[in-house]
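Data first, discussion second: the structure below is written as structure tokens.
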Amino acid sequence: MSVNDIKRREFLRRSGMMGGMLAGAAPWALNLAAIGEAAAQTANDYKAVVCIFLQGGNDYGNTLIPYDNANYNAYAAIRQKLAYRQSDLSATVLNPANSLPDGRQMALAPALAALKPIFDAGNLGIIANIGTLIVPTTLAQYKAQSVPLPPKLFSHNDQQSFWQAGRPEGAGSGWGGRMGDLMLSGNGGSLFTAMSISGNSLYLSGNQVSQYAVSTQGAFSMRALEGNLYGSTRASAALRSLITQSRPHQLENAYVKVTNRSLAGNAVLKSVLDPNGSLPFTTVFEAANPLAQQLKQVARLIANRGQLGAKRQVFFVSMGGFDTHDNLAAAHPVLLRQTASAMASFHAAMKELNLNDAVTSFTASDFGRTLAVNEDGSDHGWGSHHFIMGGAVNGRQIHGKLPAVAVNGPDDVGQGRLLPTTSVDQLGAAIATWFGVSASNLGTVLPNARNFDLNALRLFKTATRV
């Protein structure tokens, strides 16, 4: 069987599932009740996971910064003109509930100031030096190449794939989508289990679940079907018929089913989301902040979860620009400020909706970057620091192991490229367990999870041992 045969069969299989989801529905519009029929949710039973992907590889060195004198001086010596002044960090120095080893102190970048109150309130945690791994790996093992490593380290596409799927580029599903697979039955076959506000994402692709994409404005529209086509309602009706009627050819028919699914979902969303733009919350999201507008749409969808028939949902949002090979000093603070503002607004909206305990968000990125500078930027790296946010999170903690502040030190593979000490699978397993995935199904969601100590991190207040 050729690769093309496999891809063709996979396309038909998924399209068939989509068609199955539409069974019994009108050709181009799905009854709202048919989507939400078996959801029967209660407010206390809802949970959502939101992946905030920072495209390009976020610079860890200027995100969480050493503040104690010894480590700050090491940081400043390495970062040179890209280093923040120590005095500029005094307002964002963290006071974590867990004491840091060797008297270390850490501060958020000044542009992340909006996240500090959330950290202080115990609703935000930091995961130190997390990244893609297949098995726990020491520096000696890395140098000897004696253990399996994620393929094509430091490559954008490959490491995005491994972060989102736990598999090399070309993977057909991500761990967010695979969590959705396990929740489909509880969602009553909902179309809205996995939703992206940032286009198609590997993270949300499942083996059964099909992600549903919307824009920051709501459902995508096919204008030619909503009014006159070239001034003719008959032309519009003819187009609708052409793109929604069954076809004898398998591929054509698969395309028709995808189209029907899209139109049906859009009809539901338009009936649920207020077309006048009124919101079920008063929290303000920055208008000129693309990430904030995406998270605003997520909050809007979560607020209408009952009408969408969802008890478990996974969302994906993203923002680009983090590939800071140059101009880091000017560009990176802007990106961080937008990220922090968007996350803070989303957190406030969830609290306003009394859903803070039911929604967990986390940041991810292709990789970290080098601690060593490259003129006025940094190069592709590996491990990085990330955030996890929500009322269920064991917040005001720096989880995992902080790396030494050094180049070619004990924790890096050269130029300050961190060798991760916490794997993405450990984060994913903690989130999946909180989401309701059983221990026996963790391997389905995260194929490499069995290689790691999944009880090493306590990212959630109610974490159970697996």
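Within segment 244-258, being under 21 Å from residue 191 (Cβ atoms) and under 33 Å from the mean Cα position of the chain (by Cα) holds for 244, 253, 254, 255, 256, 257, 258.
On the given criteria, is residue 366 open to solvent by less than 10 Å² (accessible area, probe 1.4 Å) and of a type in the set (D, E, K, R)? Yes; evaluated as a whole, the condition is true for this residue. Is segment 161-180 home to any residue that is touching a strand residue (DSSP E or B) at 6+ places or on another chain (Cβ under 9 Å), more than 24 Å from residue 195 (Cβ to Cβ) and surrounded by 22 or more Cβ atoms within 10 Å (Cβ to Cβ)? The answer is no; no qualifying residue exists.
Take the conditions surrounded by fewer than 15 Cβ atoms within 10 Å (Cβ to Cβ), closer than 27 Å to residue 419 by Cβ and either in contact with a strand residue (DSSP E or B) (Cβ under 9 Å, 6 or more places away or on another chain) or among the β-branched types (Val, Ile, Thr) (or both) and apply them to residue 129. Does it pass? Considered against the rule, which asks whether it is surrounded by fewer than 15 Cβ atoms within 10 Å (Cβ to Cβ), closer than 27 Å to residue 419 by Cβ and either in contact with a strand residue (DSSP E or B) (Cβ under 9 Å, 6 or more places away or on another chain) or among the β-branched types (Val, Ile, Thr) (or both), residue 129 comes out as no.
Taking every residue in segment 168-188 that is modelled with pLDDT under 90 and pairing it with any residue that is outside any helix (DSSP H, G or I) and aliphatic (A, V, I, L, M), at least 6 positions away or on another chain, the pairs with Cβ-Cβ distances below 6 Å are 184/209; 187/310; 188/38; 188/39. Residues of segment 19-67 being part of a loop (DSSP other than H, G, I, E, B), at pLDDT below 50, within 29 Å of residue 392 (Cβ to Cβ) and open to solvent by less than 20 Å² (accessible area, probe 1.4 Å), which ones? Residue satisfying the conditions is 39 alone. Against the criterion of being in contact (Cβ under 8 Å) with a residue 40 or more places away in the chain and either under 14 Å from residue 297 (Cα atoms) or of a type outside the set (Val, Ile, Thr) (or both), residue 227 does not qualify. The set of residues in segment 306-342 that are part of a helix (DSSP H, G or I), open to solvent by 10 Å² or more (accessible area, probe 1.4 Å) and either in contact with a Phe, Trp or Tyr (Cβ under 7 Å, 6 or more places away or on another chain) or at positive phi (or both) contains only 335. Inside segment 72-102, residues that are modelled with pLDDT under 95 and small (Gly, Ala, Ser) make up a count of 1. Within segment 68-96, being farther than 20 Å from residue 416 by Cβ and surrounded by 12 or more Cβ atoms within 10 Å (Cβ to Cβ) holds for 88, 92, 93, 94, 96. Taking segment 343-358 as the range and being part of a helix (DSSP H, G or I), over 26 Å from residue 402 (Cβ atoms) and among the hydrophobic types (A, V, I, L, M, F, W, C) as the test, the residues that pass are 346, 348, 349, 350, 358.
Conditions tested, residue by residue: (1) surrounded by 21 or more Cβ atoms within 10 Å (Cβ to Cβ); (2) in contact with a strand residue (DSSP E or B) (Cβ under 8 Å, 6 or more places away or on another chain); (3) closer than 18 Å to residue 136 by Cβ.
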residue	(1), (2), (3)
422	yes, yes, yes
425	yes, no, yes
428	yes, no, yes
439	no, no, no
446	yes, no, yes
450	no, no, yes
455	no, no, yes
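Hey, any hits in segment 269-290 for a residue that's assigned to a helix (DSSP H, G or I) and crowded, with 24+ Cβ neighbours inside 10 Å? Looking through segment 269-290, none of the residues is assigned to a helix (DSSP H, G or I) and crowded, with 24+ Cβ neighbours inside 10 Å.
Residue 215 falls short on exactly one of the conditions (1) modelled with pLDDT of 95 or more; (2) open to solvent by 10 Å² or more (accessible area, probe 1.4 Å), and that condition is (1).
The values are calculated or read from the model by the stated rules, or taken from the named source; none is laboratory data. No experiment lies behind these values; they were computed from the predicted model shown. Counting neighbours? That spans all protein chains shown, and the Cβs are built from the backbone with ideal geometry, glycine included. Protein only, heavy atoms only, side chains kept; ligands, DNA and RNA dropped before computing areas. Shrake-Rupley method; radii C 1.70, N 1.55, O 1.52, S 1.80 Å.
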